[in-house]
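Heads up, the thing below is written out as structure tokens.
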Amino acid sequence: MTTDPQLRSHKTNGIDPDTCNRVLVEHCHQGTLPVVGTPEPSVSDSSRCTAHRVEAPSIEFPAGKRPMAGRHATPICHAQDGPPTVLHWAADSARIDGPTLLRLTAAVDERVPHTLDAANANSGESYGTVEILFAAPGQVYGLPLDARQTAASLRDGLALSLVKPTTPFWIVDHGPNAPDSVLPHLAAISGPPTLGRFLELFCSPASIQPCDWMGVCVVDGLRELSLCGQNAAATMLKNQLELWFDADTGRREDFRGRPNDAKPGGPETTGPFALLAMLYPNHPALALAEEGFRHHYSSVVDAVGEKVVAETSYNIAYPMMALAVYSNKEEYHEKAIRQLEVNQQYLAEDDVLWLRYVPKTKERTFKSWSRGVAWYFLGLVRTLTLLSTADRPPHLVDEAVRMAAWVARRQSGDGLWPCFFDEPDILPDTSGSSGIAAALALGVLHGMFDDSHLSAARRAHEALINDYLDPDGWLRGASQSNKGETVGIDIQRIRFRVIAPWGMGLFAQLTAALHQLEPR
């Protein structure tokens, strides 16, 4: 098996992808990852004012959990559990003349909803509330403040508390892997959105995610940007892999924020190992991926996973093929193909793509959910593009081509895809739309689709920038992650949307693929 020759021959900014790969691994030896500092984003002028000090009640962090990426966490609680959390600003800090967004970043996985109130710390005047539904680590929330409220907040401080009694909501505070962009701050909301601001933010520790389906979206985006000559992306990619997989200091948390450092990968958590195999093919942590493949194998469907889920195209087939191609684990070549075939058999119909199939009950759920479509389609494309054109199984290439034509037909007039394809009145999910468009662009880049599909990818990219990218670089509009605790809320269909680094990772993949295709 060989990698696609088109990828080898394509160059951007004078750097071809193979050369970039060698640069990424030039200091690697026997699985040891280098420690390389990543500069913080340059957006630190009058467009942002970061809290100099956070005064919070002394509450013990939840037992059995830890904040993602070694970050420090500060609680916000209800009045019956303690005083408010107060944001203080340095006397000489930058002053913002005009309206702002109060930005707060979730430090840990949350399994309850929170409503947060922000008030003037001196007068007690409430400036509004923020609805936070079942937060995932790294998600960013905002509350608009007008010019008067901004000036008063900088003068008197902001007091944060929960409206209803519940467990505390933990936010990122000053500490490791916490650039100003994820600390409590006031961000100016004037000015147009720019890709430059997005890249500065994304190619920094602000994009860190757990080592699972969220994390693979980010590290794939970083790798693709590094192939476009973005040095900060290459540095951040190495730092992120080291954070997860370094033999001495590596740390991972599971879906619930619990330490998971040495546990094998699962159907939704093995995706990041694909990047580890590509860049560090002999890394000892790859054994955890292989152990996970064995542990979660189901003889019922002859594939990994008790249920057939679309995520496994991206989080199982993709890392399997990466092990086959980069780590010379030939046995995973056929296993990866089988994983894709099983997903096609049980999830794909002519005009429908299901997220899940339960063999015991024959039940299928989440009909044509955009993020499920992205997992299936992007995972299929990424797995196949690890192979040369000649080595790609024709029946799976045909499925990818069919999917490309299907999603192109189902694209909405606004350039995105509905959160559920058959329910156009529901708000779109920018993460699902980004992933679908990225799969289209990557398929064209690697010679799998013809150029006619570029228009759909470009329309989506333009809509995401114009309608969902904030001036400070954050991408809005991702639907919240599914959690068992959201039963009865229908978290995907309500108008609640979040800023999530995993969605930004999918957008980064789209951005990089389109850049590599210019001026095609």
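The values are calculated or read from the model by the stated rules, or taken from the named source; none is laboratory data. All of these numbers come straight from a predicted model, not from anything done at the bench. Here the Cβ positions follow ideal geometry from the backbone for every residue, glycine too, while neighbour counts run over all protein chains shown. Calculation scope for accessible area: heavy atoms of the full protein, side chains included, ligands and nucleic acids excluded. Shrake-Rupley method; radii C 1.70, N 1.55, O 1.52, S 1.80 Å.
Quick one: how many residues across the range 80-113 are free of Cβ contacts under 8 Å to residues at least 40 places away in the same chain and either within 19 Å of Ser161 (Cα to Cα) or basic (Lys, Arg) (or both)? First the steps, then the outcome.
The initial filter retains those residues of the range 80-113 that are free of Cβ contacts under 8 Å to residues at least 40 places away in the same chain, namely 82-83, 90-92.
Checking the rest, the ones that are also either within 19 Å of Ser161 (Cα to Cα) or basic (Lys, Arg) (or both) come to 82-83.
So the count comes out to 2.
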Worksheet item: Going by the structure shown, is Arg497 among the charged types (D, E, K, R), under 24 Å from Ala188 (Cα atoms) and in contact with a Phe, Trp or Tyr (Cβ under 6 Å, 6 or more places away or on another chain)?
Response: no
Item to complete: Using the structure shown, decide if Thr269 is of a type in the set (S, T, N, Q) and either more than 21 Å from Arg356 (Cα to Cα) or open to solvent by less than 20 Å² (accessible area, probe 1.4 Å) (or both).
Response: no
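Quick one: would you say Thr150 is more than 22 Å from Gly82 (Cα to Cα) and either under 32 Å from the mean Cα position of the chain (by Cα) or not β-branched (Val, Ile, Thr) (or both)? Step through it out loud before you land on a result.
On the way: more than 22 Å from Gly82 (Cα to Cα): yes; either under 32 Å from the mean Cα position of the chain (by Cα) or not β-branched (Val, Ile, Thr) (or both): yes.
Against the criterion (more than 22 Å from Gly82 (Cα to Cα) and either under 32 Å from the mean Cα position of the chain (by Cα) or not β-branched (Val, Ile, Thr) (or both)), Thr150 qualifies.
Assess whether Arg256 counts as being open to solvent by 30 Å² or more (accessible area, probe 1.4 Å) and either among the hydrophobic types (A, V, I, L, M, F, W, C) or in contact (Cβ under 8 Å) with a residue 24 or more places away in the chain (or both). Spell out how you get there, then give the answer.
Values: open to solvent by 30 Å² or more (accessible area, probe 1.4 Å): yes; either among the hydrophobic types (A, V, I, L, M, F, W, C) or in contact (Cβ under 8 Å) with a residue 24 or more places away in the chain (or both): yes.
Yes, satisfied.
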Item to complete: Under 6 Å between Cβ atoms, at least 6 apart or on separate chains: pull out the pairs that start in the range 197-208 with a residue that is of a type in the set (Lys, Arg) and end on any residue that is at pLDDT 95 or above.
Response: Arg197/Gly473
Worksheet item: Can you tell me which residues in the range 373-402 are in contact with a strand residue (DSSP E or B) (Cβ under 7 Å, 6 or more places away or on another chain) and among the β-branched types (Val, Ile, Thr)?
Response: Val373
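Looking at the range 229-246, which of its residues are assigned to a helix (DSSP H, G or I) and of a type outside the set (A, V, I, L, M, F, W, C)?
So the first thing to find is which residues in the range 229-246 are assigned to a helix (DSSP H, G or I), and the list is 231-245.
Asn231, Thr235, Lys238, Asn239, Gln240, Glu242, listed by residue number.
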Item to complete: Count, please, the residues in the range 294-320 that happen to be outside any strand (DSSP E or B) and either under 13 Å from Asn343 (Cα atoms) or open to solvent by less than 10 Å² (accessible area, probe 1.4 Å) (or both).
Response: 16
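Among the residues that make up the range 302-314, is at least one of them small (Gly, Ala, Ser) and over 30 Å from Glu363 (Cα atoms)?
Filtering the range 302-314 for residues small (Gly, Ala, Ser) gives 303, 305, 310, 313.
Within this subset, residues satisfying the condition of being over 30 Å from Glu363 (Cα atoms) are none.
Among the residues of the range 302-314, not one is small (Gly, Ala, Ser) and over 30 Å from Glu363 (Cα atoms), which makes the answer no.
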Worksheet, complete the sentence: Of the residues in the range 107-121, those that are in contact with a Pro (Cβ under 9 Å, 6 or more places away or on another chain) and either in a strand (DSSP E or B) or modelled with pLDDT under 95 (or both) number 3
Item to complete: Being part of a loop (DSSP other than H, G, I, E, B) and surrounded by 17 or more Cβ atoms within 10 Å (Cβ to Cβ) is the filter; apply it to the range 79-98 and report the residue that is modelled with the highest pLDDT.
Response: Pro84
Worksheet item: Which residues, counting only those in the range 346-355, are farther than 16 Å from Cys419 by Cα and either surrounded by 19 or more Cβ atoms within 10 Å (Cβ to Cβ) or touching a residue at least 24 places away in the same chain (Cβ under 8 Å) (or both)?
Response: Tyr346, Leu347, Ala348
Practice prompt. Kindly establish whether Gln139 is touching a strand residue (DSSP E or B) at 6+ places or on another chain (Cβ under 9 Å), touching a residue at least 60 places away in the same chain (Cβ under 8 Å) and among the polar types (S, T, N, Q).
Written response: yes
Worksheet item: helices (runs of 4 or more DSSP H) wholly in the range 358-477 with at least 1 residues that are surrounded by fewer than 16 Cβ atoms within 10 Å (Cβ to Cβ) and without any contact (Cβ under 8 Å) to a residue 60 or more places away in the chain - which ones?
Response: 394-410, 454-468
Discussion item. It is to be established whether one or more residues within the range 484-505 are in a helix (DSSP H, G or I) and of a type in the set (S, T, N, Q).
Written reply: yes
Item to complete: Could you identify the single residue in Phe366, Phe449 that is at pLDDT 95 or above, at negative phi and not charged (D, E, K, R)?
Response: Phe449
Worksheet item: Which condition number does Ala277 fail, the rest of (1) part of a loop (DSSP other than H, G, I, E, B); (2) touching a residue at least 40 places away in the same chain (Cβ under 8 Å); (3) not polar (S, T, N, Q) being met?
Response: (1)
